[in-house]
Amino acid sequence: MITAAQLRAARALLCIDQKTLAELSGLSVPTIQRMEASSGNVRGVVDSLTKVVEALDLAGIELIGDGAPSPPGGRGVRLKTSSPKP
C-alpha cells in the first residue's frame, strides 16, 4: 500500500513532476493526479499502483510501511542508500 502523501513526498524527494512520474511508470498524468488526490491509501487499479511503486523503486525510493523499522516509526518514504536519479 502507498498513501497519496507518500506518493507526493516521493516525487518531491526525486525532484520530479507528475508528468515525469507518469512517463517513468507508463501511466497517464490524469492517473497520477487521481492517485495523488486520494485520501489515505491510494485507490486505483492494482496494475497501475504496481507500476508506480516499481517506477519509484527504480528511481531510488524506499517506501516505509506502518511498523517498518524507521526510527521513530510511522509511514513514509526515503531515498535508498545508493539512489540513481531519473
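Residue 39: accessible area at probe 1.4 Å, nearest 10 Å²?
The accessible area comes out at roughly 80 Å².
Please work out how much length the chain gains when fully extended from residue 41 to residue 29, using 0.36 nm per residue of separation minus the C-alpha to C-alpha distance, in nm with one decimal.
Full extension from residue 41 to residue 29 adds 2.5 nm.
Note down the Stokes-Einstein diffusion coefficient of region 4-59 in µm²/s, whole number, using a Kirkwood radius over alpha carbon pairs, 10 °C, and 1.306 mPa s.
Translational D for this selection: 146 µm²/s.
The values are calculated or read from the model by the stated rules, or taken from the named source; none is laboratory data. Computed from a predicted structure; not experimentally measured. SASA here: full protein model, heavy atoms, side chains in, ligands and nucleic acids out. Shrake-Rupley method; radii C 1.70, N 1.55, O 1.52, S 1.80 Å.
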